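The values are calculated or read from the model by the stated rules, or taken from the named source; none is laboratory data. Note that the structure is predicted; figures quoted are calculated from it, not measured. Please note: Cβ atoms are built from the backbone with ideal geometry, for glycine as well, and neighbour counts cover all protein chains shown. In case anyone asks, the SASA skips ligands and DNA or RNA and just uses the protein heavy atoms, side chains included. Shrake-Rupley method; radii C 1.70, N 1.55, O 1.52, S 1.80 Å.
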Amino acid sequence: MTLSRDHWKGQTCWKNLNTVETNETVDLGRHAHPVDRASVVVKKRGNARGAKGCRKGRSVSDKNSEKQSSAVPSGAKQDEEIYGHWPWVERSVWSERMLQALEDGVKGGKWFSLIDKVWNKDNLSAAWKKTCHNGGSAGVDGQSIKVFNIKSEQELERLHDEIREGIYEPKPVRRCWIPKPGSQEKRPLGIPAVRDRIVQGAVRHVLEPIFEKVFAEHVYGFRPGLGCKDALRRVDRLLRRGKTWVVDVDLKSYFDTIPHDKLMERVKELISDGRLLTLLEKYLKAGVLDGIKGWEPTEGGTPQGAVISPMLANLYLNPLDHQMAEAGYEMTRYADDFVVQCGSEQEAKEALEKIQQWAKENGLTVHPTKTRLVDATQKGGFDFLGYHFERGMKWPRKKSMAKFRETIRRKTLRKQGKSIQMVITDINPSIRGWYEYFKHSHKTTHKDVDGWIRMRLRSILRKFQGKRGRGRGSDHQRWPNAYFGKHGLFSLEKARCLAVQSH
């Protein structure tokens, strides 16, 4: 995310590897510099001229030139310069020589001999550290991160051997169902095995820079150094430039419907390592284990919850990204959520037709009711990445507000028996986090939300006094806003005012 171009460019999440036609990783920049022989010789008094004086054919200027060139450790400088362009890459995989080849372009545009980078022990170790940091539950094998950690060295050695010998087999993804925020419905959550998450992390270290090289600039989801805010800033900027006719696109069940054969064709355009391609196909075909339905094969889509899924999903839409850019359309995409901003209704209609045609040719479906053409200068507007844009303003969309309110409700139940200070301490992190994302909302948003939160707190105080109902009316005099300020309640309105003054 993702995520300036710092992940999923510059993502950079959730953001993200190959050698140049050789099986050996070369890392010149981390080796010691050769001894400066010229400097040593000059320091020896008797050798200033040599026993026989200066050698013929070697002038003083030649010696000065030798001294100057040997005294400059150019290798280290060049290493840091190339890594400066790719600060997020895994250095145990990507040497400066490989990165230079990435920037210059490899022969035929394809990378060979990559599988040895996956089983590299340092790479597996780095992937394990990230997996451990991210946490998560056990997969179908029941092995948790805690259990894996007990014998992590032996487990990583085992993974190294299995991948190298070609006997490593990914396990099915464990599916569980979790409640949708603000809804009675449930959504599926995929949990790969810990060992599979590690190997996928190692694969991502290898492939991500290669894919990053070809991704379009207007793609922000799950990329190193990029994130939602970068995408939102672009949308806001285009609206101010008059690109107010918006194609709000929804791809129906995108992550579950990506055709495997076409996805692998995209990968093969960049990768020619047969063993790595086979490994990716195994992940795609590993299937899902549902506690109720049992094992289910995966005929399409990317693996649920997999570390490599967002990267592969981005790659599949890459041709559409470039096609729209080359046609002159202003597209902004975050994963499968994207909008195309146009200067006229006719242009927007033409853009939608191109997207529908491309989706049909590539086995995807544009949702017939959720995809819309919108004039953002009129009432109604459009939603994108949690915000609602309308008539030159923006504020949290209904689902985002409902999710936040549900979080606060759970923490401000009147029957929980906590002191008002404990409740405020509990809800403050949620309020601060929400503000950081939605602080650019219309000015009335923060004031309204502040009032609603204080109402919830006054209701708790009424309960303490044996009263029923919401906190309102005379409760505002009994517990004024300043009362909650003294107890340290984070104020959205105050934070907004301070931010405005600082600018």
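Does Glu208 fit the bill of being acidic (Asp, Glu) and not in a loop (DSSP other than H, G, I, E, B)?
For Glu208, the condition - acidic (Asp, Glu) and not in a loop (DSSP other than H, G, I, E, B) - is met.
Being part of a loop (DSSP other than H, G, I, E, B) and either more than 17 Å from Phe490 (Cβ to Cβ) or open to solvent by less than 60 Å² (accessible area, probe 1.4 Å) (or both) is the filter here, so list the residues in the range 419-448 that pass it.
The answer is Ser419, His440, Ser441, His442.
Among the numbered criteria (1) open to solvent by 10 Å² or more (accessible area, probe 1.4 Å); (2) part of a loop (DSSP other than H, G, I, E, B); (3) among the hydrophobic types (A, V, I, L, M, F, W, C), which single criterion is violated by Leu189?
Among (1) open to solvent by 10 Å² or more (accessible area, probe 1.4 Å); (2) part of a loop (DSSP other than H, G, I, E, B); (3) among the hydrophobic types (A, V, I, L, M, F, W, C), Leu189 violates only (2).
Are there any pairs with C-beta distances below 8 angstrom linking a residue in the range 352-364 that is modelled with pLDDT of 95 or more to a residue that is open to solvent by 20 Å² or more (accessible area, probe 1.4 Å) and charged (D, E, K, R), with the two at least 6 apart or on different chains, and if so which?
Pairs found: Asn362/Lys262; Gly363/Lys262; Leu364/Lys252.
Search the range 449-467 for residues being open to solvent by 80 Å² or more (accessible area, probe 1.4 Å) and either part of a helix (DSSP H, G or I) or basic (Lys, Arg) (or both), and hand back the single one that is farthest from Phe404 (Cα to Cα).
Phe464
Among the residues of the range 327-334, is any among the aliphatic types (A, V, I, L, M) and open to solvent by 10 Å² or more (accessible area, probe 1.4 Å)?
Yes, the conditions are met somewhere in the range 327-334.
Return the residues of the range 307-322 that are open to solvent by less than 10 Å² (accessible area, probe 1.4 Å) and either of a type in the set (A, V, I, L, M, F, W, C) or at positive phi (or both); say none if nothing qualifies.
Those that are open to solvent by less than 10 Å² (accessible area, probe 1.4 Å) and either of a type in the set (A, V, I, L, M, F, W, C) or at positive phi (or both): Ile308, Met311, Leu312, Ala313, Leu315, Leu317, Leu320.
Looking at the structure I just gave you, is Gly294 open to solvent by less than 10 Å² (accessible area, probe 1.4 Å), modelled with pLDDT under 95 and either more than 30 Å from Glu345 (Cβ to Cβ) or of a type outside the set (Asp, Glu) (or both)?
No; evaluated as a whole, the condition is false for this residue.
Going through the range 114-156 one residue at a time, which ones are outside any helix (DSSP H, G or I), closer than 19 Å to Ile191 by Cβ and not charged (D, E, K, R)?
Answer for the range 114-156, where residues must be outside any helix (DSSP H, G or I), closer than 19 Å to Ile191 by Cβ and not charged (D, E, K, R): Gly135, Gly136, Ser137, Ala138, Gly139, Val140, Gly142, Gln143, Ser144.
Quick grid of which residues meet (1) on the phi < 0 side of the Ramachandran plot; (2) of a type in the set (Lys, Arg); (3) open to solvent by 40 Å² or more (accessible area, probe 1.4 Å); (4) under 14 Å from the mean Cα position of the chain (by Cα):
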| site | (1), (2), (3), (4) |
| --- | --- |
| Tyr220 | yes, no, no, yes |
| Gly225 | no, no, no, yes |
| Arg237 | yes, yes, yes, no |
| Arg241 | yes, yes, yes, no |
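Considering only residues that are within 40 Å of the chain's Cα centre (by Cα) and either among the hydroxyl-bearing types (Ser, Thr, Tyr) or more than 19 Å from Ile408 (Cβ to Cβ) (or both), look in the range 483-496 and name the one that is surrounded by the fewest Cβ atoms within 10 Å (Cβ to Cβ).
This residue is Lys486.
So, in the range 362-408, of the ones that are closer than 27 Å to Thr257 by Cα and hydroxyl-bearing (Ser, Thr, Tyr), which residue ends up most open to solvent (accessible area, probe 1.4 Å)?
Thr369
Would you pick out the residues in the range 286-338 that are in a strand (DSSP E or B) and within 23 Å of Asp383 (Cα to Cα)?
Result: Glu330, Met331, Thr332, Arg333, Tyr334, Asp337, Phe338.
Checking Arg470 against (1) under 32 Å from the mean Cα position of the chain (by Cα); (2) assigned to a loop (DSSP other than H, G, I, E, B), which test does it fail?
(1)
Exactly one of these conditions fails for Gln416: (1) open to solvent by 20 Å² or more (accessible area, probe 1.4 Å); (2) in a helix (DSSP H, G or I). Give me its number.
Exception for Gln416: condition (2).
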